[in-house]
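Visitor: Here it is: the structure, laid out below.
The values are calculated or read from the model by the stated rules, or taken from the named source; none is laboratory data. If you're wondering where the values come from, they're calculated on a predicted model, not measured in any experiment. Because the Cβ atoms are built from the backbone with ideal geometry, glycine has one as well, and the counts that use them run over all protein chains shown.
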Amino acid sequence: MSLNKSMHPRNRYKDKPPDFTYLASKYPDFQQHVHTSLTGRPVVNFKEPEAVRALTCTLLKEDFGLTIEIPLERLIPTVPLRLNYIHWVEDLIDGQKQPRRGIDIGTGASCIYPLLGATMNGWFFLATEVDDICFDYATKNVEQNKLSDLVKVVKVPQKTLLMDALKEETEIVYDFCMCNPPFFANQLEAKGVNSRNSRRPPPSSVNTGGVTEIMAEGGELEFVKRIIHDSLQLKKRLRWYSCMLGKKCSLAPLKEELRKQGVPKVTHTEFCQGRTMRWALAWSFYDDVIVPSPPSKKRKLEKARKPLSFTLAKAGLKELQAKASAAGCTGRGPVDSIGALLEKTLTDLRVLHKRVPCRRHEQSLFLTAVENTWIHGRQKKREQKRQLRELPRAPRCAGNGSQPTGAPAAPGPPAPALNQPATATNSSGQDGNTENKTTSSHESGQEAARDISAEQREVLDAVTVEDVDMESSTCTEAGQETETKETAAAASELPSKRPLSPAAVQHFLFKCLLSVMQEEGDVVVEMHWVEGQNKDLMNQLCTFLKNTLLKSVAKS
Ligand code: SAH
């Protein structure tokens, strides 16, 4: 079973996947479904309903002391995914090991949520079901686990959700309701048509489940909308309303519905188990409830705080220093040299940069990227060459000096020096007006273009989208990827006429702080996100800078 890092932190299977060998040796019913893979690992075929059922029953027995029976023709729950939802409900209601009162809408034959909630936390459940077979199995599963005091299974008519289940009890306030709704609107959706992006692989596990379990009129969207409308009448009879969603695209319209109805507290989360993603939505009419942050926000915050970094190992520093001094850098230590090489590359890339004060033995540059000059692309390179021919020649690497080459802080001559690679021959430290060279040197402009091609073509070629950590783990939604690429494309279409200084920049791709520092003999380069359109662009630039530096080490 492939388990994913985005499981709930308290999920017992998060860092400890089930040990199939051990379970097979202990449970003969399970053993017959465990095979040995070509690499010698014990594996279970999730496409076989019998195997999925055997694993579920075995895990419930081994880890929760529960004995259950489920017919093959009804939905067979997977334990780790169901546990994620239970743990999230614990977060919502502060209900870990606390007696709480909940409703499970559509409990299924397994009655898995009530059985887990009652066993783990002592929760009381009202479990509803429309399907006769499911109702019978659920009732039996509760009885045989001696949980009838905590779990009450009730049969309800198809058209109702919460209202009917609650009409007899007018006083009791429930802490929560949960629901794993029938996911699909019709047979086609159930087979995967429309519900997945065509680039995504087919489901890796079998979809067991009877007609009422997996299909509802209008799919999960309509089903959950009905729960929302019940909640608008019941309001504070429940502290939290929640439901799981099989499709990410259901989330936005449901949140919009809640917003339209003026529901004050709304949150969501995502559950991930191997290649299976699920989402969950929760809402409340109480003002004093704890509202857990959605995971994407948390992740984004963590990601935003964490700098991107790469390390240049001690062994290669001498060569980099030599290269820097050949380029006119007068600084002594490796931090100065690498700082100067980075400044040169940034100048070549026309990324505005300005030194900022920092600690001793450290160099910091404030970067403003206005256009995407580092991304792979033939057309881009042609355009770059064209611009290089037309633009004046640059003053070179200013050594350890104070004048930022890429980002003149004060108004200066129109954008001259920003995009030219410095060369050792014309880099004697002069700054200021390069007009003469500019106008005189169509030739040297071409030379510069060649410089760029020779030195950076390979690097440009090397920086493809694959190099870039686009957050495209198995759990990444296809939609997010598209968004990323579109943003990058839009970014690359920005006008190439650059403003003069970072301060004057109105439209930029992103701003970040680049720091170069020494760490135990190595040099570490960090890039801290400040603001902008898309952090992936900084990621691309980081990869480009790293490759440029490493390339010079490899060459010499
Ligand atoms: N909770 C279980 C089963 C989910 S499948 C699990 O997570 O594994 C959805 C279940 O909802 C099915 O058993 C289906 O019979 C039931 N159901 C469908 N419509 C319902 C309704 N209106 N009220 C209660 N249950 C319903």
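Visitor: Here's a check for you: in the range 257-288, which residue that is in a loop (DSSP other than H, G, I, E, B) and charged (D, E, K, R) is farthest from Leu221 (Cα to Cα)?
Guide: Only one residue fits best here, namely Asp288.
Visitor: Then there is this: Which ones in the range 511-556 are buried (at least 22 other Cβ atoms within 10 Å of the Cβ) and in contact with a Gly (Cβ under 7 Å, 6 or more places away or on another chain)?
Guide: Matches in the range 511-556: Val516 only.
Visitor: Assuming Ile133 fulfils every condition listed in (1) near the ligand (Cβ under 8 Å from one of its atoms); (2) in contact (Cβ under 8 Å) with a residue 60 or more places away in the chain apart from one, which condition is it?
Guide: Result: Ile133 passes all but (1).
One line per residue, one yes/no per condition, for (1) basic (Lys, Arg); (2) modelled with pLDDT under 85; (3) assigned to a helix (DSSP H, G or I); (4) buried (at least 19 other Cβ atoms within 10 Å of the Cβ):
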site	(1), (2), (3), (4)
Glu302	no, yes, yes, no
Thr311	no, no, no, no
Ala315	no, no, yes, no
Lys318	yes, no, yes, no
Gln321	no, no, yes, yes
Gly328	no, no, no, yes
Val335	no, no, yes, yes
Leu341	no, no, yes, yes
Thr345	no, no, yes, yes
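Visitor: Let me ask another. On the given criteria, is Met244 modelled with pLDDT of 60 or more, within 11 Å of the ligand (Cβ to nearest atom), touching an Asp or Glu at 6+ places or on another chain (Cβ under 7 Å) and not in a loop (DSSP other than H, G, I, E, B)?
Guide: no
Visitor: Right, another one. Can you find, within the range 110-122, the residue that is farthest from the ligand (Cβ to nearest atom) among those that are more than 17 Å from Glu62 (Cα to Cα) and free of Cβ contacts under 8 Å to residues at least 40 places away in the same chain?
Guide: Gly122
Visitor: When the range 359-384 is examined, which residues are found to be outside any strand (DSSP E or B) and modelled with pLDDT of 80 or more?
Guide: Across the range 359-384, the qualifying residues are His361, Val370, Glu371, Asn372, Thr373, Trp374, Ile375.
Visitor: Can you tell me which residue within the range 153-182, out of those that are under 39 Å from the mean Cα position of the chain (by Cα), within 22 Å of Ile76 (Cα to Cα) and without any contact (Cβ under 8 Å) to a residue 60 or more places away in the chain, is surrounded by the most Cβ atoms within 10 Å (Cβ to Cβ)?
Guide: Looking at residues that are under 39 Å from the mean Cα position of the chain (by Cα), within 22 Å of Ile76 (Cα to Cα) and without any contact (Cβ under 8 Å) to a residue 60 or more places away in the chain, I get Val153.
Visitor: A follow-up question, please. Assuming Gly274 fulfils every condition listed in (1) at positive phi; (2) modelled with pLDDT of 95 or more apart from one, which condition is it?
Guide: Result: Gly274 passes all but (2).
Yes/no matrix, rows are residues, columns are (1) touching a Cys at 6+ places or on another chain (Cβ under 8 Å); (2) among the aliphatic types (A, V, I, L, M):
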position: Phe135; (1), (2): no, no
position: Asn141; (1), (2): yes, no
position: Gln144; (1), (2): no, no
position: Lys152; (1), (2): no, no
position: Leu166; (1), (2): no, yes
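Visitor: Considering only residues of the range 26-50 that are free of Cβ contacts under 8 Å to residues at least 24 places away in the same chain and within 31 Å of the chain's Cα centre (by Cα), which is farthest from Tyr113 (Cα to Cα)?
Guide: Checked the range 26-50; the qualifying residue farthest from Tyr113 (Cα to Cα) is Thr39.
Visitor: Within the range 198-241, take every residue that is in contact with a Gly (Cβ under 7 Å, 6 or more places away or on another chain) and within 14 Å of the ligand (Cβ to nearest atom) and give me the one that is modelled with the lowest pLDDT.
Guide: Step by step, filter the range 198-241, then rank; the result is Glu213.
Visitor: Let me ask something else about it. Do we find that Thr160 is near the ligand (Cβ under 8 Å from one of its atoms), of a type outside the set (Asp, Glu) and assigned to a strand (DSSP E or B) in this structure?
Guide: Considered against the rule, which asks whether it is near the ligand (Cβ under 8 Å from one of its atoms), of a type outside the set (Asp, Glu) and assigned to a strand (DSSP E or B), Thr160 comes out as no.
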